[in-house]
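Read-outs: derived from the displayed coordinates by stated rules, not from any lab. What you see is a predicted model; the values in this text were computed from it and never measured. Glycine gets a Cβ as well: all are built from the backbone with ideal geometry, and neighbour counts include every protein chain shown.
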Amino acid sequence: MSDADRKRIRAIVRGLVQGVSFRATTRREAARLGLSGWVRNQPDGSVSLEAQGPADRVDALVAWCRKGPPAAEVASVEIEAMPAVDGEHDFAIRY
């Protein structure tokens, strides 16, 4: 996939998003969509992630993040465009 065909974003998800399996379900959804990147909890209670792949699939993950898993209560999702990263092949939970 060329750089023109892929999109990478950074997202900050705020609300009740820790302790509700947000990272695990985000990783599962990203894998289902064939995306690479990572997700992690932040000290302020938010969850941050970077996701990369075809634009429509990245957009689908962002849409999923606006709802999250059933126990989550997402208050906001901030999105920032990022440059693509070469050599990244999976989606990981970072600690």
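Looking at the stretch 62-95, which of its residues are under 13 Å from the mean Cα position of the chain (by Cα) and among the aliphatic types (A, V, I, L, M)?
62, 63, 77, 79, 81, 82, 92, 93
Only one residue in 56, 5 is over 15 Å from residue 94 (Cα atoms), acidic (Asp, Glu), out of contact with any strand residue (DSSP E or B) (no Cβ under 8 Å at 6 or more places or on another chain) and surrounded by fewer than 16 Cβ atoms within 10 Å (Cβ to Cβ), so which one is that?
Answer to the selection: 56.
For (1) without any contact (Cβ under 8 Å) to a residue 40 or more places away in the chain; (2) surrounded by fewer than 18 Cβ atoms within 10 Å (Cβ to Cβ); (3) in contact with a helix residue (DSSP H, G or I) (Cβ under 6 Å, 6 or more places away or on another chain), each residue gets a yes or a no:
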| residue | (1), (2), (3) |
| --- | --- |
| 14 | no, yes, no |
| 17 | no, no, no |
| 31 | no, yes, no |
| 39 | no, no, yes |
| 48 | yes, yes, no |
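Could you please tell me which pairs satisfy a Cβ distance under 9 Å, a separation of 6+ or placement on different chains, a first residue in the stretch 57-70 that is among the β-branched types (Val, Ile, Thr), and a second residue that is assigned to a helix (DSSP H, G or I) and crowded, with 18+ Cβ neighbours inside 10 Å?
Correct list of pairs: 58/33.
Could you list all residues from the stretch 35-54 that are part of a strand (DSSP E or B), over 8 Å from the mean Cα position of the chain (by Cα) and among the polar types (S, T, N, Q)?
Correct list: 36, 41, 52.
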